[in-house]
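Below is one structure, written out as structure tokens; comments come after it.
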Amino acid sequence: MTVSNPEHDAPQGKTPRESASTLSESMMPDQLNHHGNVFGGEILALVDKCGGVVARRHARGPVVTVAVDRVEFREPIYATDYVEAHGRLISVGRSSMEVMVTVEAEQVETGHRRRTNVCYLTYVALDKLNGRPCAVPPLILETDDDRRLHAASLRRRERRLADEAEAQEDE
Ligand SMILES: CC(C)(COP(=O)(O)OP(=O)(O)OC[C@H]1O[C@@H](n2cnc3c(N)ncnc32)[C@H](O)[C@@H]1OP(=O)(O)O)[C@@H](O)C(=O)NCCC(=O)NCCS
């Protein structure tokens with residue numbers, strides 16, 4: 001299933017598989033908080049870098065982060081954990097792309113892995129010449145998982161637009 005974009009001038013759609021990316025890091029002492037666990041900002045940076053690679057792979061051009069939707073730290077990441085961020089594209093608009101990034105922490109000695117975070121980030125592709133938002137290729141949904149995540153992404157977008165409309169009414 002291709003999620004078509006009527007204004008789109010790019011010839012070919014791409015699947016989430018083509019831009020999926022993993023970034024990993026072995027944490028160092030200067031990345032820890034006062035409790036000796038990994039500082040949340042380090043995880044956010046890894047998440048944003050990973051999502052940015054996904055978006056750039058899809059757009060094949062420069063992108064900026066425009067929104068980070070709901071970040072929760074439900075479990076600590078320990079100093080000795082090996083941390084992996086996995087990013088996949090779940091929806092596209094005209095110029096915007098929503099990327100889901102999941103973070104996993106592995107206790108290297110045992111191989112035990114924990115999923116510690118799931119974040120949703122929106123990037124906008126920019127035209128190289130004028131720096132304004134430009135069209136990105138459509139997204140081709142291949143699997144049931146692609147379709148499920150895409151539907152959830154559209155629901156999030158609808159909620160955001162409704163919130164924005166409500167905020168404008170209140171002003
Ligand atoms: C990204 C930026 C160029 C967009 O400019 P703009 O004038 O708002 O452009 P538009 O209104 O045409 O919006 C562009 C797209 O962003 C989307 N967008 C804007 N705000 C959004 C938000 N809060 N959440 C999700 N998407 C958003 C729009 O829906 C639109 O998507 P579409 O093209 O797929 O329909 C501008 O906001 C910007 O430069 N932001 C700073 C980005 C940055 O520096 N990031 C680093 C973090 S500090």
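The values are calculated or read from the model by the stated rules, or taken from the named source; none is laboratory data. Computed from a predicted model, the values in this text were never measured in an experiment. Cβ coordinates were reconstructed from backbone atoms using ideal geometry, including for glycine residues, and neighbour counts include every protein chain displayed. Only protein heavy atoms, including side chains, enter the accessible area calculation; ligands, DNA and RNA are left aside. Shrake-Rupley method; radii C 1.70, N 1.55, O 1.52, S 1.80 Å.
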Please identify the pairs in which a residue from the stretch 65-76 that is without any contact (Cβ under 8 Å) to a residue 60 or more places away in the chain has its Cβ atom under 9 Å from the Cβ atom of a residue that is of a type in the set (S, T, Y) and away from the ligand (no atom under 14 Å from the Cβ), counting only partners at least 6 apart or on another chain. F73/T116; R74/T116; E75/T116; P76/T116
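How many residues are open to solvent by 40 Å² or more (accessible area, probe 1.4 Å) and either small (G, A, S) or touching a Leu at 6+ places or on another chain (Cβ under 8 Å) (or both) if we restrict to the stretch 132-142?
Keep residues of the stretch 132-142 that are open to solvent by 40 Å² or more (accessible area, probe 1.4 Å), which gives 132-133, 140, 142.
Then keep just the ones that are either small (G, A, S) or touching a Leu at 6+ places or on another chain (Cβ under 8 Å) (or both); that gives 132-133.
Qualifying residue count, the stretch 132-142: 2.
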Suppose we filter the stretch 39-65 for residues that are touching a Cys at 6+ places or on another chain (Cβ under 9 Å), closer than 14 Å to T122 by Cβ and within 12 Å of the ligand (Cβ to nearest atom); how many remain? 3
Tell me the residue from R74, R157 that is at pLDDT below 95, of a type outside the set (V, I, T) and within 11 Å of the ligand (Cβ to nearest atom), please. R157
D146 fails exactly one of the following numbered conditions: (1) of a type outside the set (G, A, S); (2) open to solvent by less than 40 Å² (accessible area, probe 1.4 Å); (3) more than 16 Å from the ligand (Cβ to nearest atom); (4) in contact with a strand residue (DSSP E or B) (Cβ under 7 Å, 6 or more places away or on another chain). What is the number of that condition? (4)
Conditions first: (1) over 17 Å from K14 (Cβ atoms); (2) not in a helix (DSSP H, G or I). A125 passes all but one, so which condition is the exception? (1)
Single condition V68 does not satisfy, out of (1) in contact with a Cys (Cβ under 9 Å, 6 or more places away or on another chain); (2) among the β-branched types (V, I, T); (3) more than 11 Å from the ligand (Cβ to nearest atom): (3)
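If I go through the stretch 51-89 residue by residue, how many of them are of a type in the set (A, V, I, L, M, F, W, C) and within 18 Å of E25 (Cα to Cα)? Lay out the reasoning, then the answer.
Just the residues of the stretch 51-89 that are of a type in the set (A, V, I, L, M, F, W, C), to begin with: 53-55, 59, 63-64, 66-68, 71, 73, 77, 79, 83, 85, 89.
Right, trim to within 18 Å of E25 (Cα to Cα) and you get 53-54, 73, 77, 79, 83, 85.
Summing the residues that are of a type in the set (A, V, I, L, M, F, W, C) and within 18 Å of E25 (Cα to Cα) in the stretch 51-89 gives 7.
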Criterion violated by A105 - all others in (1) surrounded by 18 or more Cβ atoms within 10 Å (Cβ to Cβ); (2) not in a strand (DSSP E or B) satisfied: (2)
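Which is touching an Asp or Glu at 6+ places or on another chain (Cβ under 7 Å) and near the ligand (Cβ under 10 Å from one of its atoms), of A125, A135?
Numbers: A125 fails: touching an Asp or Glu at 6+ places or on another chain (Cβ under 7 Å).
Going through A125, A135 in turn, just one is touching an Asp or Glu at 6+ places or on another chain (Cβ under 7 Å) and near the ligand (Cβ under 10 Å from one of its atoms): A135.
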Working carefully through the options V99, V118, find the one that is within 16 Å of the ligand (Cβ to nearest atom), within 23 Å of D163 (Cβ to Cβ) and open to solvent by less than 60 Å² (accessible area, probe 1.4 Å). V99
